Amino acid sequence: MALETLAMEYVGRVPAPPLDRFIDDIYCLTGVPRHRRMNVPPMPSAHLFVNLGEPARLWDSDPSVPPAMLSDGWFMGLWTRRFVVEYPARVRLVGVHFKPWGMSPFIGVPATELRDRWAPLDAIWKRSSDRIRNQVGETASATEMLRVVEEELRSRLAGGHGLDLVVRAGTRLEAAHGAVPVGALAEAAGVSGNHLAAQFKAHVGVSVDGFIADQDDGVGPLHDWYFNGDTPITEGGQGYDHSGAGSAFKVSKASAEYVRSMWRSIGTIVMGRTLFDLVNGWEGRPPAGDHVVVVSHRPKPGGWHPEASYHFVDDVTAAIAKAQELAGKRTVAVNAGEVGGQILAAGLVDEVAMDVVPVVFGSGKRYFGHIDGQHLLEDPHVVVQGDGVLHLKFKVRG
């Protein structure tokens, strides 16, 4: 979309996935502003301004805050009071309008730290302004400026996303002995409560009535057991937890030994596209194993972590065949949910592992999705009593 008003040109667009889940729009302003000084009311979302022209000046309506002259750009968190911005005589600027929860993954600090504050670009993204200016040059078009900034954003997406959110939230839960509301965790992380819960669903627990989440994707107490012990899941020097997520989890000794054994055995994980999109494929670093197969009718996102061994297959039978080829003699692990249920129904599951938590949900998202028919399992051949969780393994009857 392009709009020209007097000598000021506006060009904006919604960024490509996965940025569109965090950013409402990215836009470029160039030219001579009709009014250089602008009063801005409180804003319900955070922004980034990459200034590619002359310096801009900002004033806070709070007189105790000194004005700022910002030459390279600035981040602004949620703003609850009026402020004033004075543009230079000629504007050359790229703006990023984040969703209410969208800024934190790009800045590496809780979004609340920038509430009612602006921070210079280089204070957050160290030594980035010169690199961006050099890539853009003096004559780049608005489209080229948007492309450069969008690529910068894409390269920084991993910081607060996926399993990193689990680690941060887990650390805070542990420090507070579990007494932290989900809303407070989500606010500190700069994400929605449902988005934070989705990250934990990668490590599936199940209620005694067979649900892995409620209707709103809330996991309730299903993951309390990850934080109620004193034994870290991972041990120094062990490389099977590529994501590092286990370092935030302290469980009972029995649970730690069980989970370590599971993670060591895994060569390939099979997951559905919904979970892949929710956790952005764990940023190319699965919690266990070396490979991931995604069951999806859509291809792998263009440019997404080319170094990662992720394979997109549109059929569950072909997905399991590919996963077995990649895993070799190691185990293929299938995530719970709809895809897991489809693979069980296709007769491709040898063993079911469940972490059963003493809670009844009554309704929600089922462990096996919307599976039809009856499928018989043997008596559990592994029963491990943890603290607040019962680990079970069942062989599937042939």
- Message: Give the lysines whose C-alpha is closer than 16 Å to that of LYS300, dropping any in the same chain fewer than 8 places away, or say none.
- Response: LYS322
- Taking region 22-82 as the region of interest, what is the percent of Cα-Cα pairs per 5 angstrom bin, listed from the shortest bin to the one with the maximum distance? 4, 13, 22, 31, 21, 8, 1
- Query: Under 22 Å Cα-Cα from LYS329, which lysines qualify once same-chain neighbours fewer than 8 residues away are excluded?
  - Reply: LYS393, LYS395
- Item | Stretch gain in nm, segment ASP315-GLN374, where the contour uses 0.36 nm per residue and the Cα spacing is subtracted | 19.0 nm
- Query: In the P(r) worked out for region 204-395, what percent of Cα pairs fall beyond 21 Å?
  - Reply: 53 percent
- Message: Just to check I understand the Karplus step: with θ = phi - 60° and J = 6.51 cos²θ - 1.76 cosθ + 1.60, what whole-Hz values come out for region 251-265, glycine and proline as x?
- Response: 10, 5, 4, 5, 5, 4, 5, 5, 5, 4, 4, 4, 5, 4, 7
- Query: Roughly what would the spin-label model give for ALA140 and ASP116, points 7 Å off Cα along C-beta, in nm?
  - Reply: 3.5 nm
- Query: Using 0.36 nm per residue, how much length does the chain from GLN385 to ALA16 gain when fully extended, once their Cα-Cα distance is taken away?
  - Reply: 128.3 nm
- Note on the structure: Extension length gain for ALA346 and ARG156 (0.36 nm per residue less Cα distance), in nm, is 64.4 nm
- Query: Which GluC sites (Glu not before Pro) in region 248-312 pass both tests, a DSSP loop state and at most 12 other beta-carbon atoms within 10 Å?
  - Reply: GLU307
- Measuring from its Cα centre, region 251-300 shows a charge dipole (+1 at each Lys and Arg Cβ, -1 at each Asp and Glu Cβ) which, in debye to the nearest 20, is 20 debye
- Order by protection proxy (mean Cβ within 10 Å, highest first), peptides 34-41, 53-60, 293-300: 293-300, 53-60, 34-41
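Here, each number is a calculation from the coordinates, and none is a lab measurement. Because the structure is a prediction, the values reported are computed rather than measured. Don't worry about glycine lacking a Cβ; one is built from the backbone with ideal geometry, like all the others, and counts go over all protein chains shown.
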